[in-house]
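Only one structure is covered here, and it is reproduced in the block below.
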Amino acid sequence: MTARDVVEFALRAFRGHRLRAALSLLGVAVGVAAVVLLTALGNGARRYVTDQFASIGSNLLIVMPGKTETTGGLPFTAATTRDLTLADAEAVARLPGVERIAPIAMATETVAHEERRRQVAVVGTTPEFLTVRHLTLGRGSFLPPGELRRGVAVVVVGNAVARELFPGVDPVGKVMRIGDMRARVVGVMAPMGEQLGMNLDETVTIPVARAMRLFNRASLFRIMIEVRAHADLETVRRDVVRLLAARHREEDVTVITQEAVMSSFGSILQALTLALAGIAAISLTVAGLGIMNVMLVAVSERTVEVGLLRAVGAGQRQVQAVFLAEAALLATAGGVAGLGVGLLAVLALRAAVPVFPAEPPLWAVVSSLGVSVVVGVVFGLLPARRAARLDPVAALGGH
Amino acid sequence: MIRLAHVTRVFPMGEETLRALDDVSEHVRPGEHVAIMGPSGSGKSTLLNIIGCLDRPTEGTYHLDGREVGGLDDDALTQVRRHLIGFVFQSFHLVPRLTAAENVELPMVFAGVPRAERRARARAGLDAVGLSRRADHRPNQLSGGERQRVAIARATILSPRLLLADEPTGNLDSASGRQILELLDHMHDAGLTLVVVTHDPNVARRADRVLVMSDGRVARRLPGAELAVPVTT
């Protein structure tokens with residue numbers, strides 16, 4: 001009996017119970033499609049975040065006030081900190097290897113023009129921010145270059161803010177209110193959409209010194225540092241830590257590289273992808289139980305047939321092979337169908353949400369198909385052995 | 001051909017045991033035609049199953065074609081069934097989803113006969129039972145007599161030495177039954193050893209010898225020709 005004979009015989013067997021075979025096949029298909037789709041989502045999220053970080057630039061260092069303790073005690077608790085000041089930012093800017101810096105102060109304020117008002121995030125920074133964050137100006141100009149501490153009363157509005165506060169009007173040159181401050185609009189940002197969970201279209205940007213006065217704060221929120229050469233990233237990072245530790249007389253800032261953030265996000269989302277794959281794999285196992293059920297029913301329905309096969313010279317192993325092949329074929333066909341459906345769903349998702357780069361990782365595609373075949377064989381084994389071990393006389397209906 | 005010596009078959013029935021065969025010794029010569037008769041539960045099916053290597057004796061020895069087969073393992077018994085024995089059943093036992101030709105091919109599939117040869121031999125086998133035009137019909141498209149002829153073609157396709165038939169005409173009308181019996185006679189004439197289990201004296205009468213079973217023993221042995229009236233024991 002050749003492998004082809006076994007497969008042919010198994011395929012014939014489906015004629016007898018098409019609906020049942022189709023349903024158990026569907027179970028596997030759903031499992032595989034779930035693996036493909038869910039891992040595509042997880043992987044897409046990872047790629048989305050990675051792309052977002054990459055768009056900001058890979059030569060970035062970010063200084064945050066507070067020391068994150070990663071050893072002992074509660075993780076990520078900030079000890080008492082000194083303010084991260086504009087003077088600190090100036091000192092950092094003078095370090096060798098630093099191309100440019102952008103100090104950032106941030107708070108939420110009410111902005112208004114005539115009768116229209118709304119709450120938006122106000123970013124206080126310097127002209128370098130535009131370059132450091134790879135942002136694009138739509139109209140007018142960005143913050144004026146000049147001395148860090150002056151803080152003239154000008155504002156650059158995000159695209160959505162411009163549309164809502166100045167409908168049908170060019171905002172450039174107009175005066176608007178930010179909290180209790182009046183500022184002249186000098187520019188409008190190009191539409192940016194969401195970046196790192198923050199919609200830049202719904203922010204307004206003002207000079208950093210002005211922002212700190214407005215918020216009544218002495219400490220910056222962040223200092224972003226663009227390093228001249230990627231190779232110097234780590235050296236500069238250590239220099240920044242050392243400099244600020246000296247200025248503050250203790251090490252009370254955290255300096256992270258863009259890449260570290262990216263890779264930790266990447267590994268979190270990788271874990272998420274694996275977890276999703278695990279959940280989907282459970283449905284594959286359930287599908288295996290479905291196959292086992294269908295095969296057990298098939299064996300009990302075809303008991304007489306098994307007796308006949310034994311009488312005409314089929315060995316136990318041949319009977320087992322025939323039933324095992326049925327289970328494996330069901331699972332494999334289900335796997336292939338599920339793969340097709342899953343990939344189509346991913347394509348549909350990509351068409352519907354173009355910014356989200358959903359794509360199942362290759363390992364998920366290969367292993368879901370592999371696992372579905374294994375599931376068929378493993379869950380087909382018990383019914384197949386039961387068929388093979390039937391006593392021929394009893395199976396034929398004797399006694 | 002068949003040599004049974006003190007064959008006993010005991011089935012456990014809960015606490016008790018059932019002696020389906022009790023010390024049966026019998027010898028069937030090559031080319032002989034033997035009928036086994038007897039009431040239900042007399043042990044005739046058990047005897048046929050042991051002769052057919054579907055079952056093994058609890059005690060005693062069974063030599064088939066000069067070889068002791070009573071103690072063989074499952075694989076070896078499979079080989080014996082495959083090459084030495086053909087079975088014909090009362091309810092035909094055709095695989096319903098396979099065509100007549102595919103049913104006839106089955107024994108050759110398990111015996112590893114190459115595909116093309118299988119096709120040709122199955123057609124020839126169906127031709128020999130007068131069903132060459134029914135080769136691509138499924139069992140449910142065939143009459144009872146036709147189904148049994150397919151079953152006989154299947155049973156003899158690997159040229160066995162021994163053909164075993166369990167009530168081969170039991171589910172057939174008398175005309176179809178007669179055709180089947182003539183076909184079996186024809187096979188027997190060609191040299192096949194034939195053992196038929198039957199209730200029907202008209203079937204048994206065709207045999208060289210009739211064994212009448214009772215309570216697991218062979219109660220009487222008589223020539224088939226002497227079976228003028230229905231036997232009751």
Margin query: Return the residues of region B:147-190 that are away from chain A (no Cβ under 13 Å), of a type outside the set (D, E, K, R), within 11 Å of residue B:92 (Cβ to Cβ) and assigned to a helix (DSSP H, G or I); say none if nothing qualifies.
Written below: B:148, B:180
Margin query: I'm checking my understanding of the structure. Among residues of region A:282-323 that are surrounded by fewer than 20 Cβ atoms within 10 Å (Cβ to Cβ) and among the small types (Gly, Ala, Ser), which one is nearest to the other protein chains (Cβ to nearest Cβ)?
Written below: A:300
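Tally up the residues in region B:9-26 that are under 20 Å from the mean Cα position of the chain (by Cα) and over 26 Å from residue B:170 (Cα atoms), please.
Taking region B:9-26 as the starting set, the residues that turn out to be under 20 Å from the mean Cα position of the chain (by Cα) are B:9, B:20-21, B:24-26.
Subset that is over 26 Å from residue B:170 (Cα atoms): B:25.
Here the count works out to 1.
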Notebook entry, point to check: Which of the residues belonging to region A:116-143 are at pLDDT below 90, more than 17 Å from residue A:191 (Cβ to Cβ) and assigned to a loop (DSSP other than H, G, I, E, B)?
Noted result: none
Item checked: Only listed residue being surrounded by fewer than 23 Cβ atoms within 10 Å (Cβ to Cβ) and in contact (Cβ under 8 Å) with a residue 12 or more places away in the chain, chosen from B:37, B:1 -> B:1
Next item on the list: Spot the failing condition for residue B:222; the list is (1) out of contact with any Ser or Thr (no Cβ under 9 Å at 6 or more places or on another chain); (2) crowded, with 21+ Cβ neighbours inside 10 Å; (3) closer than 18 Å to residue B:39 by Cα, and only one is missed.
Entry: (2)
Next item on the list: Of all residues in region B:94-143, count the ones that are small (Gly, Ala, Ser) and either touching a helix residue (DSSP H, G or I) at 6+ places or on another chain (Cβ under 6 Å) or on the phi > 0 side of the Ramachandran plot (or both).
Entry: 9
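Residue A:175: under 33 Å from the mean Cα position of the chain (by Cα) and either modelled with pLDDT of 90 or more or small (Gly, Ala, Ser) (or both), yes or no?
no
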Margin query: Among (1) in contact with a strand residue (DSSP E or B) (Cβ under 7 Å, 6 or more places away or on another chain); (2) not in a helix (DSSP H, G or I), there is one condition residue A:233 misses while meeting the rest; what is its number?
Written below: (2)
Margin query: Looking at region B:67-117 only, could you name the residues that are facing another protein chain (nearest Cβ under 10 Å), over 22 Å from residue B:168 (Cβ atoms) and basic (Lys, Arg)?
Written below: B:97, B:115
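The values are calculated or read from the model by the stated rules, or taken from the named source; none is laboratory data. All values reported here derive from a predicted model rather than from experimental measurement. When we count neighbours, we look across all protein chains shown, and the Cβ atoms used for this are built from the backbone with ideal geometry, even at glycine.
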